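Enquirer: Dropping the structure in here first, questions after.
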Amino acid sequence: MNRALYLLLITLLIPTLLSAREAKEYDQDVNYEENRLPEYDLPPLLVSSGGKPIKTPEEWFSIRRPEILSLYSNLIYGRIPKPAQPVDVRFEVVKEDPDFMDGKATRKDVKIILENEKGRVSMHFLVFVPNNAGKPVPAFLKHSFNNTQSNDFDASETRPGFLKNGWPLGAFFDRGYGFCAVYQQDLLRHNEVEFLKGIHKLFYPEGQSFPKAHEWGVLSACAYGASRGMDYLESDTDIDHTRIAIMGHSKMGKATLWTAAQDDRFALAISAQSGCAGAALWRRKSGETLKKMVTRFPYWLCRNAWKFVEQEDDLPIDQHMLLACIAPRPVYVHSSTDDTWADPRGEYLSAYHASEVYEFLGKKGLTSPDLPEIRKPILTSEVGFHIREGGHSIDPYDWEQFMKFADHHFKGK
């Protein structure tokens, strides 16, 4: 089948906009009941692919962790190919406002330019620095659904301390944190199916116009963008680039975990309600599954991932291994009771099983397989978690726990 016809067919099959009736039909084979879950065994964390037990931290970092990351690159998120010509990365501070939010912070609008002979792509990166904190400051970097060039990032006129998009930046400034945002669609569209106009074209060799089955999809492009934001932060003397917390919600929670696993310059990761391809275990098949994801969003992952639809037990990895690759850096997972599509228990169990590696490396993990009580956050171990009542969103309570977790690991030690 030629590529043009293939893309047309897959686009027609994607139920990106569902009517109420279609949504009900789409959801009818989804399992939310624990007693209907399949039995499963998770791949071992501390045994190499060749069967060698991992006995020392050095063996984890030199043998097992690289194996796991390679499997994720080739089977789930997609590997970034080496471009024929290196991609030049440049920064331009196009605007600086020292009186943002009535003088609480300085806002910097930064243009990150990525260029080689294949083309040029730019990102609009936002950096907010509290004015009354000693420099350099620790900071949060958020994978954002909001366009960083929109007025979503203006200060709210009716809610002091908030942005128009509802983020409580004033609370971050009061605690001495900077805040940064990278837009998820600067490098690639939300549900890209062609891969001709964004970042991918800079990496294609002569004659290639579409990613190979093992090459990067949308989530890997989002992760790449966050790492370019970190490149800039390493050059900004107002920001302590050794204390950057990467965070994201939903799709961006998935991207957050993949970003932090690959790029160990991020000191802490916070994944909010990331579900399938995020924190939730594949093998539970609870809520959203791999089949559901690649039906609606076929290129968020690489095409090799399609081979495991309804065959998740054949995967040599599961998502607890992604969280484990962040170790020993702290990781925090957030769930909510009504967000059953994201499988809250599967998100927690992933963090619990990843704790084996954290403890192996001398850090504190989660100690019980039982889901914690609602609004009883686990904040003082390297693997943190909370679940609250409610649905799929980041609420004021969640923001507060994220800041407390960062306080403990960035300031409390």
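Computed from the coordinates by the stated procedures, all read-outs in this text should not be read as laboratory data. What you see is a predicted model; the values in this text were computed from it and never measured. Ideal geometry is used to build each Cβ from the backbone, glycine not excepted, and the neighbour counts take in all protein chains shown.
Enquirer: If one computes the Cα centroid of the range 357-392 and of the range 206-228, what distance in Å separates the two points?
Expert: Each part reduced to its Cα centre gives a spacing of 32 Å.
Enquirer: Quick one: plug the Kirkwood hydrodynamic radius of the range 267-413 (C-alpha pairs) into Stokes-Einstein at 37 °C, 0.692 mPa s, and report D in µm²/s.
Expert: Rounded to a whole number, D works out at 211 µm²/s.
Enquirer: What are the equivalent ellipsoid semi-axes of the range 185-264, built from the alpha-carbon gyration tensor (square roots of five times its eigenvalues), in whole angstrom, biggest first?
Expert: Working from the Cα gyration tensor, I get semi-axes of 26, 15, 11 Å.
Enquirer: Still on this structure, please answer the following. What ranking do 86-94, 256-264 get when scored by the average of other Cβ atoms within 10 Å per residue, highest first?
Expert: Top of the packing list down: 256-264, 86-94.
Enquirer: Counting only DSSP beta bridges with both residues in the chain, what percent are antiparallel, rounded to the nearest 5?
Expert: Antiparallel bridges make up about 50 percent of those DSSP assigns within the chain.
Enquirer: If you don't mind, another one. With charges only on Cβ, +1 for K and R and -1 for D and E, what is the dipole size of the chain about its Cα centre, in debye, rounded to 20?
Expert: In total the dipole reaches around 580 debye.
Enquirer: Along the range 362-374, what does the Karplus equation 6.51 cos²θ - 1.76 cosθ + 1.60 (θ = phi - 60°) give for ³J(HN,Hα), rounded to whole Hz, x for Gly and Pro?
Expert: x, 10, 9, x, 7, 9, 10, x, 7, 4, x, 5, 4
Enquirer: Report the gain in length on full extension from residue 194 to residue 47: 0.36 nm times residue separation, minus Cα-Cα distance, nm rounded to one decimal.
Expert: 49.0 nm
Enquirer: Further question: What residues have an amide H closer than 5 Å to that of residue 79, excluding those fewer than 5 places away on the same chain, when H is modeled at 1.01 Å from N in the peptide plane?
Expert: Amide H neighbours of residue 79, under 5 Å, 5+ apart: 215, 216.
Enquirer: Quick one: Debye curve from the C-alpha atoms of the range 60-99, no solvent, what's log10 I(q)/I(0) at q = 0.14 Å⁻¹?
Expert: Debye output, listed in q order: -0.62.
Enquirer: Here's another thing I want to ask about it. Within the range 215-250, what residues put their amide N at less than 20 Å from the label point 7 Å along the Cα-to-Cβ vector of residue 149?
Expert: Only 221-230, 232 pass the distance filter.
Enquirer: Is it possible to state the helix-based mean residue ellipticity at 222 nm for the chain, with each DSSP H run of 4+ residues giving -39500 (n - 2.57), the sum divided by total residues, to the nearest 500 deg cm²/dmol? What is it?
Expert: When only DSSP H runs of four or more count, the value is -7500 deg cm²/dmol.
Enquirer: Which order do the peptides 296-307, 101-112 take when ranked by the mean count of other beta-carbon atoms within 10 Å per residue, highest first?
Expert: By packing density, highest mean first, the sequence is 296-307, 101-112.
Enquirer: With an 8 Å Cα cut-off and a minimum separation of 6 or more residues, compute the relative contact order for the range 131-236 in percent.
Expert: 25 percent
Enquirer: log₁₀ I(q)/I(0) of the range 324-399 at q = 0.13, 0.19, 0.20 Å⁻¹, via Debye over equal Cα point scatterers, no solvent, to two decimals?
Expert: The Debye formula, applied to the Cα set alone, gives -0.36, -0.73, -0.80.
Enquirer: Figure the gain on full extension for residue 374 and residue 62 (residue separation times 0.36 nm, minus the Cα-Cα span) and round it to one decimal in nm.
Expert: Stretched out fully, the residue 374 to residue 62 stretch lengthens by 108.5 nm.
Enquirer: Still on this model: On full extension of the chain, what length is gained from residue 408 through residue 120, given 0.36 nm per residue of separation minus the C-alpha to C-alpha distance?
Expert: Length difference between fully extended and current span is 99.6 nm.
Enquirer: Right, next: Using a basic spin-label model with each label point 7 Å from the Cα along Cα→Cβ, how many nm lie between residue 82 and residue 35?
Expert: Result: 5.6 nm between the two label points.
Enquirer: Modelled label-to-label distance, residue 208 and residue 89, 7 Å Cα→beta-carbon offset: nm?
Expert: For the pair residue 208/residue 89, the computed spacing is 2.0 nm.
Enquirer: To continue, here is another question. Once amide H atoms are placed 1.01 Å from N in the peptide plane, what residues at a sequence separation of 5 or more from residue 332, or on another chain, have their amide H within under 5 Å of its amide H?
Expert: Counting only residues 5 or more places away or on other chains, the set is 269, 270, 271, 384.
Enquirer: Here's something else I'd like to know. Give the long-range amide H neighbours of residue 105: residues separated by 5 or more places, or on another chain, with amide H under 5 Å away, using H modelled in the peptide plane at 1.01 Å from N.
Expert: 100, 131
Enquirer: Where the eigenvalues come from the Cα gyration tensor of the range 24-64, what are the semi-axes √(5λ) of the equivalent ellipsoid, largest first, in whole Å?
Expert: Ellipsoid semi-axes (Å, largest first): 38, 11, 8.
Enquirer: Which ³J(HN,Hα) values, rounded to whole Hz and listed in residue order, are derived for the range 114-130 from phi using the Karplus coefficients 6.51, -1.76 and 1.60 in 6.51 cos²θ - 1.76 cosθ + 1.60 with θ = phi - 60°, glycine and proline given as x?
Expert: The phi angles translate into 10, 8, 8, 5, 7, x, 9, 9, 10, 10, 9, 9, 9, 10, 10, 10, x Hz.
Enquirer: Can you compute the equivalent ellipsoid semi-axes for the chain, i.e. the square root of 5 times each eigenvalue of the Cα gyration tensor, sorted largest first and rounded to whole Å?
Expert: 30, 27, 22
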